[in-house]
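The values are calculated or read from the model by the stated rules, or taken from the named source; none is laboratory data. Quick caveat: nothing in here was measured; it's all calculated off a predicted structure. Cβ placement follows ideal geometry from the backbone for every residue including glycine, while neighbour counts extend to all protein chains displayed. Heads up: the accessible areas ignore ligands, DNA and RNA and are worked out on the full protein's heavy atoms, side chains in. Shrake-Rupley method; radii C 1.70, N 1.55, O 1.52, S 1.80 Å.
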Amino acid sequence: MTLKLGCIADDYTGASDLANTLTRCGLRTVQTIGVPAENLVLPEVDAVVVALKSRSIEPSDAVARSRAADKWLRGRGASHILFKICSTFDSTDKGNIGPVTDALHADCGETIVLVTPAFPATGRTVYQGNLFVGAVPLNESPLKDHPLNPMHDSNLVRVLARQSRTKVGLVNLASVTRGADAVRAQLADLSAKGIGAAIIDAVFDADLETIGSVAATHRLSVGASGMGLGLARALVSSGKVKPGAAGADSGAAVGGPAACLAGSCSQATLQQIANAERVMPVLHLDPDRVTTGGDEAQRALAWAKQRLGDGPLLIASSATPEKVASLQARHGRDAAGHAIEQAMADIAEGLVKSGVRRLVVAGGETSGAVVDRLAIPGFLVGAEIAAGVPVLRAVGARDGNMLLALKSGNFGGPEFFTDALGLMR
């Protein structure tokens, strides 16, 4: 297998978002969970997305895991690596975007690295280095209340500089709209000034195509799925990937019981849960009982087992920002987050033991905990449920044939859970 593109994603939902984007652009793509074992049999593909759970761990651990993934991908022919981050630049002043970028940058010997989380299809744009979520700057969006990585600055040049050893510059929209040669000229100018990373503006898909054509000639880029879109279109237009070679997985129906788990506290997910309550049973976990070692997971499984035969159901640990802040004040942010993730993983494991083979999971950290517990080594990409969220068919799962949907908290329409289940047969 000789890869045309290698990708390292810092969480599982972001990885499936990227794999979906690459597939839709014509690249045969597989998503793996962690660096694949040598005995994992993968189909012939153009791109592999290695999904890590490295966004909110210690920076040194994130760097080590990312370097291992980089080594595996480059060892299979990938000349360009995309370090895939969240389109809302989820991070803190400690990292982990800066430390991982610094490490991969040093390892590949590139002079300057292009960085953009822009993905206009999901309302993420960058102008004059400032990230917008829809019509508002990042620091005025709901991301200011993120329970793990609250974002209080929309200026990405400042944000990245605070967590990086590398000097950070800007390639503005004026250069991007003049085309690839103008971008290359500005990068050369920045590099001559000792700048090693450049935030680049992007407002439209055409901007991503310009960025992708430039980035594809480098060894490393950093960005959200919009960067993946630009790179994929560059590979197709250059003839390195045959157009139309990729196709979404269309394997046999799985059938059987279906369930949904929600751990995200985003406004989008909270509304999706409220809408789901009109069409399926919903159980809200008690976060205090989860955090203090209560039997919430067993209570949830007993509740679910009585209802699985009647149709889909949803179990949620999601709460409003005010309730999350109160919980963290009582128990500590890390302790509360870890306890809830593990409870959701316990519930997922119990549901699968009860016969569930179609599972929808909302929330990046929740998805990571669930997939790790189920020991699923990889996925084939299926139909798109919503922008950035595909149906995923498990590869090499110990529990056999399974379909999953892993959703970043802010993704999906108002009826996401019913939309997902409608495509997971």
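With everything on Cα atoms, drop me the angle between helix 321-331 and the longest principal axis of the chain, reported from 0 to 90° to the nearest 10. The answer is roughly 80 degrees. When a/c reaches 1.5 or more, the comparison of a/b and b/c decides; with that in mind, is the chain rounded, prolate or oblate per its Cα gyration tensor? Since a/c reaches 1.5 and a/b is larger than b/c, the shape of the chain is classed as prolate.
Determine the shape class of segment 194-334: with a ≥ b ≥ c the square roots of the Cα gyration tensor eigenvalues, call it rounded for a/c under 1.5, and otherwise prolate if a/b is greater than b/c, oblate otherwise. Note, shape of segment 194-334 comes out oblate.
One compactness figure for segment 318-368 is 1.31, namely its Cα radius of gyration divided by 2.2 N^0.38 Å. Each Lys and Arg adds +1 at its Cβ and each Asp and Glu adds -1 at its Cβ; summed about the Cα centre, segment 24-159 shows a dipole of about 240 debye. Using C-alpha positions alone, give me the convex hull volume of segment 117-238 per residue in cubic angstrom. It comes to 106 Å³ per residue, whole-number rounded. Pairwise inverse Cα distances across segment 53-212, averaged and inverted, put the Kirkwood hydrodynamic radius at 16.0 Å. Helical content alone sets the calculated 222 nm signal of the chain at -12000 deg cm²/dmol, taking -39,500 (n - 2.57) per DSSP H segment of four or more residues and averaging over every residue.
How far is helix 225-237 tilted off the main Cα axis of the chain, in degrees rounded to 10, range 0 to 90? Orientation of helix 225-237: about 60 degrees from the principal axis.
For segment 1-59, the gyration tensor built on C-alpha atoms gives an oblate shape. Its axis ratio a/c (a ≥ b ≥ c) is at least 1.5, and a/b is not larger than b/c.
Axis of helix 180-192 versus longest Cα principal axis of the chain: the two differ by about 80°, to the nearest ten degrees. In sequence order, segment 59-68 has phi-based couplings of x, 5, 5, 4, 5, 4, 5, 5, 5, 5 Hz under the Karplus curve 6.51 cos²θ - 1.76 cosθ + 1.60, θ = phi - 60°, and Gly or Pro positions carry x.
Bridges between two residues of the chain, per DSSP, are antiparallel at a rate of about 30%.
Expressed per residue, the C-alpha convex hull volume of segment 163-222 stands at 85 Å³. Shown here: segment 196-271, whose C-alpha atoms stretch 47, 34, 22 Å along the first, second and third principal axes, sorted largest to smallest. For the chain, averaging the sequence separation of C-alpha pairs within contact (under 8 Å, six or more residues apart) and dividing by the residue count gives a relative contact order of 19 percent. Heavy-atom surface analysis with a 1.4 Å probe gives segment 48-125 a carbon and sulfur content of 50 percent of its accessible area.
One equal scatterer on each Cα of segment 273-425, no solvent, Debye formula: the resulting log10 I(q)/I(0) at q = 0.19 Å⁻¹ is -1.29.
Relative contact order for segment 1-54: 52 percent, from Cα pairs under 8 Å spaced at least 6 residues apart, divided by residue count.
Computed with a 1.4 Å probe over protein heavy atoms only, the accessible surface of segment 267-425 comes to 39 Å² per residue. Note on THR2 and ALA253: the extension gain reaches 87.3 nm, defined as 0.36 nm multiplied by sequence separation minus the Cα-Cα distance. Across CYS108, CYS265, CYS86, mean-square fluctuation computed from a Gaussian network of the chain (C-alpha pairs under 10 Å connected) peaks at CYS108. Working note: Debye formula, equal point scatterers on the alpha-carbon atoms of segment 76-121, no solvent; log10 I(q)/I(0) at q = 0.14, 0.18, 0.31 Å⁻¹ is -0.40, -0.64, -1.26.
Per-residue 3J(HN,Hα) values for segment 285-299, derived from phi via the Karplus relation 6.51 cos²θ - 1.76 cosθ + 1.60 with θ = phi - 60°, read 6, 8, x, 5, 5, 4, 6, 8, x, x, 9, 4, 4, 5, 4 Hz in sequence order (x marks Gly and Pro). The peptide list 59-71, 360-372, put in order of mean Cβ contacts within 10 Å with the highest first, becomes 360-372, 59-71.
Coupling constants for segment 127-133 follow from the phi torsions by the Karplus curve (6.51 cos²θ - 1.76 cosθ + 1.60, θ = phi - 60°), and in residue order they are 9, 6, x, 9, 8, 10, 10 Hz; glycine and proline get x. Taking the Cα centre of the chain as reference, the dipole from Cβ charges on Lys and Arg (+1) and Asp and Glu (-1) amounts to some 680 debye.
For the pair segment 145-183 and segment 1-45, the centres of their Cα atoms are 26 angstrom apart. The charge dipole of segment 82-134, taken about its Cα centre with unit charges on the Cβ atoms of Lys, Arg (+1), Asp and Glu (-1) only, comes to about 220 debye. When peptides 225-238, 153-166 are ranked by their average number of other Cβ atoms within 10 Å per residue, the highest-first order is 225-238, 153-166. Per residue, segment 90-195 exposes 41 Å² of accessible surface when a 1.4 Å probe is rolled over the protein heavy atoms with every protein chain present.
Taking only the C-alpha atoms of segment 362-425, Rg followed by Dmax gives 11.4, 33 Å.
Measuring nothing but protein heavy atoms, the accessible surface of segment 137-236 at 1.4 Å probe radius is 53 percent carbon and sulfur.
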